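The block underneath contains the structure these notes are about, expressed in structure tokens.
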Amino acid sequence: MLNFTFEKFTNLKLVSFIFFFSLNSVLAQDKVTISGKISEAKNGEGMIGVNLYLKELQIGVSTNVYGFYSITAPKGIYTLFITYVGYKSIAKNVELIDNKTLNFELEEEGKLLDEVVIKGEREDDNIKNIEMSVNKVEMKTIKKMPALLGEVDVIRSIQFLPGVSSVGEGSSGFNVRGGAIDQNLVLLDEAPVYNSSHLFGFFSVFNPDVVKDVKLIKGGIPSSYGGRISSILDVRMKEGNSKKPEFSGGLGTIFSRFAYERPYLKEKGSFIVALRRSYIDILAKPFLNNDLKNSRFYFYDFTAKTNYKINDKNTVFLSGYFGRDVFGADFGFNWGNSTTSFRWNHVFNNKLFLNTTVFYSNYDYSLDSDLKDENNQDSFEWKSNILNYSIKPDFNYYINAKNTLSFGGQVIYYTFNPGQATAVSGGQSRSIGLDSKYAVESALYIGNEQKVSSNLTLNYGLRYSFYTYLGPGTVYTFDENTSPGDRKEVLSAEKATKGEGIKTYGNLEPRLALNIGVNASTSIKIGYNRLAQYIHLLSNTVASSPLDVWTPSSNNIKPQISDQIAFGLFKNFSDNMYESSVEVYFKTLKNQIDYIRNADLLLNPAVEGDLMFGIGRAYGAEFFIKKNKGKLNGWVSYTLARTERKVDGLNNNNWFVSRIDKIHNLSVVGIFDISKKWSFGSTMSFATGTPASFPTNKFVWQGIALPQNYTDERNTYRIPNSHRLDLSATRKNKHALFKKGESEWVFSIYNVYNRKNPFSVYVRQNPDDPSKTEAVKYSVFASIIPAVTYNFKF
């Protein structure tokens, strides 16, 4: 049942009073509003985060994710400044007598060099903006960073930012401030992506040719976001060139990509389509024989988006992503994401903006056997997936230049298929399957960004999430008196009917952020958020795999809850050439999942009896300094952090460091534009080794060593530290194909000094003497990896 306490009710009344107090009186003033859209002149793309400023009143706003803005001010004549780093500024005299719509297009600055910026906003935006624990990386920056096999990768790029890490090279996903990979909400045009990696983590699913904006939110998360407890990675796709047709792509070492975009219906609409496919399987096929001749190892993805402007008040968008990985020989893996998003932008008036999103997301994964004879007498296939549908209306109400109200809601319907298997032996088929699981997650939210004074900005909000675990299905009840660490016995298994509410949960999720301006170049920021997560990834391996199982909260699995508070000092130097920040954070986690020894997670109808639950905490400090201007750009990031868990039945019931704990994490990114033709990039990283558990002693029985952990302590050792240097060089050509457009060659070297970074260390019996044991270090990359890529656009 919903636990709605008097304390929660009191908090809700307090927040309501704050909203009423902050908005009181401002609605009745005699003011007028200008609004409109800011777009890029060269392609018509709406621009995110463009700054508009009325000089005489010293008030301003920024465009939203669709390029829309609204400023309310008293009647009069003003000078309107429009600025965005890397683009020509606009200064326009405007006479405000009544409400009006003004659209603008910004042109890129014709600088000698293609200067690299990490975020294309006003130069002091990191000081003035309310956002903290937020990193934005522009695609022009990501494309100049060295990458594995020369292929631009969004996920790998954000791992050079403070507070972001992974368990090792070649691992899927990423970890943020002590959170597991399933605790990150990864969005592509607002649809969730459940596996953000191709090829077991070597490449991300995001095609760089269609990505418009990348934003990582680690703390101070606005009330409009929910569903995960660690971070939000919000990836926005391009809308397509609405000015002219354009063809672009790249020919790389192991895969190629192609994109085409153009306007239609007299520039009222545009579209972009993009395709990528790896071809290492094709290149390797002539060299494979015998058991490997039927090997399959490739991936592909197809991304598309279109938009159509119905009129000045209505625009619709349709986007989709379809990707798949195939890997195997005698036994094969197959997994892929599919998403579709439909969005409707509606402008009610100069102050009220609506975006309604309807999305579909499906992540499916399977395991199959290729050991089939001509009569198909022997085979095995296992399939699983998670499917969701959602509708999400989001409103922005621009009350005045000092108050922007956001409110809305969301409903998500989940279908979980934990696994269906079919085994054929001697022509006899047998099916093994688990019941599908169903759930509905809904939320309402409200938030306000208020500029109290020139030195104080607040962003406060409240989100209420409500979740129901639904039938049909089997509802298991377990013996809760089982000793911690042991498998729980099933006491009953009852059938629930279709649509029956089995278990409900509700959570209030308050959000707060403050920006206190110390002076023009310094600010202090504070952020707090509570987040609830109702779906979980079951994985007891060192790193996640495509076959890990997603499961909903139920009568046996409570939702995960996190509370995080962060403090930050932000300082710019040398006329905003350098920006720096120091952030400290503390996060608590509830209902964290762990596993009994020898837990059975696949095709186990009573898998909830193999789960253990505990608490967690993560805390640390993040240091960041970045150079924004000149030929040499880049940043230095250092994170000092600790991540711990406490689970009854593990580690003698004491706190232990999490498997993803990394005490030190240092990253250096440098981009040097020598001339219009040549630019160089470099990245260096150092990270403390992740924790590991090893045997403390062994028994020898009949000449065979049997390792044992006598103390039952977890993660008391660490694998060796990892570090790596990568380099790249980009040469721009005068023309692309057929002497049209533009092109470039990208030369890269991954792992320059041939470092064999450990992915894991494990103990095994000595192959030559089974009475002895040995520790083995496994490295994913054990050599220098050079690559060449040719990119073009015309």
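The values are calculated or read from the model by the stated rules, or taken from the named source; none is laboratory data. What you see is a predicted model, and the numbers here were worked out from it, not measured in a lab. Neighbour counts are summed over all protein chains in view; Cβ atoms, including those assigned to glycine, are modelled from backbone coordinates with ideal geometry. These area figures cover heavy atoms from the full protein model, side chains too; ligands, DNA and RNA do not enter into them. Shrake-Rupley method; radii C 1.70, N 1.55, O 1.52, S 1.80 Å.
Rundown of residues vs (1) modelled with pLDDT of 95 or more; (2) open to solvent by 60 Å² or more (accessible area, probe 1.4 Å); (3) of a type outside the set (Lys, Arg); (4) on the phi > 0 side of the Ramachandran plot, yes/no style:
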| position | (1), (2), (3), (4) |
| --- | --- |
| TYR413 | yes, yes, yes, no |
| GLY426 | no, no, yes, yes |
| TYR469 | yes, no, yes, no |
| GLY485 | no, no, yes, yes |
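If the condition is being within 28 Å of SER196 (Cβ to Cβ), open to solvent by 60 Å² or more (accessible area, probe 1.4 Å) and modelled with pLDDT of 85 or more, then region 363-399 contributes LYS383, TYR389, ILE391. Scanning region 60-83 for residues that are open to solvent by 30 Å² or more (accessible area, probe 1.4 Å) and either among the polar types (S, T, N, Q) or touching a residue at least 24 places away in the same chain (Cβ under 8 Å) (or both) turns up SER62, VAL65, PRO74, LYS75, PHE81, THR83.
Give the number of residues within region 448-481 that are assigned to a loop (DSSP other than H, G, I, E, B) and either without any contact (Cβ under 8 Å) to a residue 40 or more places away in the chain or not assigned by TED's automatic domain parsing to the domain that holds ILE399 (or both). Qualifying residue count for the region: 5. The residues on offer are SER230, SER256, SER278, and the sole one that is in contact with a Gly (Cβ under 7 Å, 6 or more places away or on another chain) and crowded, with 20+ Cβ neighbours inside 10 Å is SER230. With respect to being assigned by TED's automatic domain parsing to the domain that holds ILE561, at pLDDT 95 or above and charged (D, E, K, R), LYS402 falls outside the description. Filtering region 722-758 to residues that are open to solvent by 30 Å² or more (accessible area, probe 1.4 Å) and either in a loop (DSSP other than H, G, I, E, B) or not assigned by TED's automatic domain parsing to the domain that holds SER675 (or both) leaves LYS734, HIS735, LYS740, GLY741, VAL752, TYR753, ASN754, ARG755, LYS756.
As for region 84-93, it holds at least one residue that is surrounded by 13 or more Cβ atoms within 10 Å (Cβ to Cβ), within 21 Å of GLY49 (Cα to Cα), in contact with a Leu (Cβ under 8 Å, 6 or more places away or on another chain) and free of Cβ contacts under 8 Å to residues at least 24 places away in the same chain. Scanning region 693-713 for residues that are open to solvent by 60 Å² or more (accessible area, probe 1.4 Å), closer than 24 Å to ASN540 by Cα and either free of Cβ contacts under 8 Å to residues at least 24 places away in the same chain or touching a Leu at 6+ places or on another chain (Cβ under 9 Å) (or both) yields a count of 5. Taking the conditions (1) in contact with a Pro (Cβ under 7 Å, 6 or more places away or on another chain); (2) closer than 30 Å to GLY517 by Cβ; (3) not polar (S, T, N, Q) in turn, VAL452 satisfies each one other than (1). Within the bounds of region 663-682, is there any residue that is open to solvent by less than 20 Å² (accessible area, probe 1.4 Å), assigned by TED's automatic domain parsing to the domain that holds TYR534, over 26 Å from ASN572 (Cβ atoms) and hydrophobic (A, V, I, L, M, F, W, C)? Within region 663-682 (the criterion being open to solvent by less than 20 Å² (accessible area, probe 1.4 Å), assigned by TED's automatic domain parsing to the domain that holds TYR534, over 26 Å from ASN572 (Cβ atoms) and hydrophobic (A, V, I, L, M, F, W, C)), the answer is no, since none of the residues qualifies.
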